[in-house]
Amino acid sequence: MAKQAPPQGIYVPAVVYFDSNEEIDTEGYKAHILRLARGGVTGILVQGSNGEAQHLSHLERFTAIGITRKTLDENGFKDTLVIAGTGAQSTRETITLCEEAQEAGASHALVLTPSTWAPAMSKANILTFHRTAHKSPIPIMIYNFPTVTAGQNLTSEVIAELAKHPNIVGTKLSCGDIGKAHRLCTTFPPSEFAVFPGKSDVMLPGLLCGSAGIIGALVNLAPKLHKKLYDAYRAGRVDEAKQIQEIFSHADAAVGTLGGIAGLKRAISEHFGYGVPYVRGPLLLVSKDALQSPAGDWIAKLVELEKAA
């Protein structure tokens, strides 16, 4: 059977909304999913790092995937993919999460390398862990994010070995390594193994290297603008794409300055008028005042262009 790589395009690791009691805010989350879909994203990643996957129970993960799929289907977005983050600290639980993700409506899974016992994760152990993808009922993508895996940074050689597996169909490179992306893009066609940079500040460089698009946190704020850059590049309007990329490079860094996930939620709630910016501990709430800063100014510029797109 042919590999089922996700189609090329714009994907968003969606934030999930909570109320003041840290329960899932269904209405706020649905409003966010709809704005992203209407912005033209190809797919929505539920339970990526920005979706606070490690803060959710199995039931909450299942619920979030279900809300996403149902919201898309009921509003005319049946072709918008749902990818589920299913990484866990044991092989057994990872497989269970993949099974639950399929049942809830996900078409693909994104899997982090376990990190609790990072010193024990030799190349052989990493390959063995990810090659259990044959036990997943949905295709698997490799999630390389050293920041949340105790510094483990999979090399292009390791990812290329995993890419040969019949049920491993892509990767999200949140390491932001363009050389790594280029090596993988020139080794595998995107129809078999889709390579996605995981940061918007390297979106255009990634496309120039042959990437399949983007899976980036900044898409939460500006889905239409990411689609605009993608379409401009594909149409050969590179100068237009470069102008948008300049904003992305500054705004992506600004989100980090504002506090990452918490800053992203605060910016969305203030600029788009839905959801409350609660996060689960140990993350800390970012105040409205934080937007009155140079970083907040870059976010404001991004949002202004998004609303005009």
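The values are calculated or read from the model by the stated rules, or taken from the named source; none is laboratory data. No experiment lies behind these values; they were computed from the predicted model shown. Using ideal geometry, Cβ is built from the backbone for each residue, glycine included, and neighbour counts are taken over all protein chains shown. To get the accessible areas, we keep the full protein, side chains included, count just its heavy atoms, and leave off ligands, DNA and RNA. Shrake-Rupley method; radii C 1.70, N 1.55, O 1.52, S 1.80 Å.
Values computed for the structure shown
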read-out	value
Share antiparallel - DSSP beta bridges, the range 1-124, percent rounded to 5	10 percent
Furthest towards positive pole of dipole, GLY236, LEU162, GLY48, structure part the range 9-237, Cβ charges	GLY236
Segment ALA253-GLU157, extension gain: residue separation times 0.36 nm, minus the distance between their alpha carbons	31.7 nm
Candidate lysines - alpha carbon under 30 Å from LYS135, same-chain residues fewer than 8 apart omitted	LYS3, LYS70, LYS78, LYS123, LYS164, LYS172, LYS180, LYS199
Selection from HIS58, ALA124, VAL148 lying farthest towards where the dipole of the range 9-237 points positive, charges on Cβ	ALA124
Per residue, the convex hull volume that the Cα atoms of the chain enclose (Å³)	123 Å³
Most fluctuating residue given options LYS164, LYS180, LYS265, as computed from a GNM of the chain linking Cα atoms under 10 Å	LYS164
Mean separation of Cα contacts under 8 Å (6+ apart) over length of the chain, as relative contact order %	19 percent
FRET efficiency for SER287 and SER57, using Cβ-Cβ distance with R0 set to 35 Å, rounded to 0.05	0.80
Using a Förster distance of 25 Å, the FRET efficiency for ALA308-GLU74 (Cβ separation, nearest 0.05)	0.30
Order of exposure, largest accessible area first, which applies to TYR278, TYR143 with probe 1.4 Å	TYR278, TYR143
Sequence of MET121, MET203 when ordered by accessible area, the most exposed leading, probe 1.4 angstrom	MET121, MET203
Environment charge at GLN102 (Cβ cut-off 13 Å; Lys +1, Arg +1, Asp -1, Glu -1)	0
Dipole magnitude of the chain, debye to nearest 20 (Cβ charges: Lys/Arg +1, Asp/Glu -1, about Cα centre)	640 debye
Computed magnitude of the charge dipole of the range 36-169 (debye, nearest 20; Cβ of K, R +1, Cβ of D, E -1)	200 debye
Gain in span if fully extended, ALA150 to GLN4, counting 0.36 nm per residue against the direct Cα distance	49.6 nm
Ellipticity estimate at 222 nm from DSSP helix runs (n ≥ 4, -39,500 (n - 2.57)) divided over the chain, nearest 500	-13500 deg cm²/dmol
FRET efficiency estimate (nearest 0.05) - Cβ-Cβ, ARG92 to ARG234, R0 35 angstrom	0.25
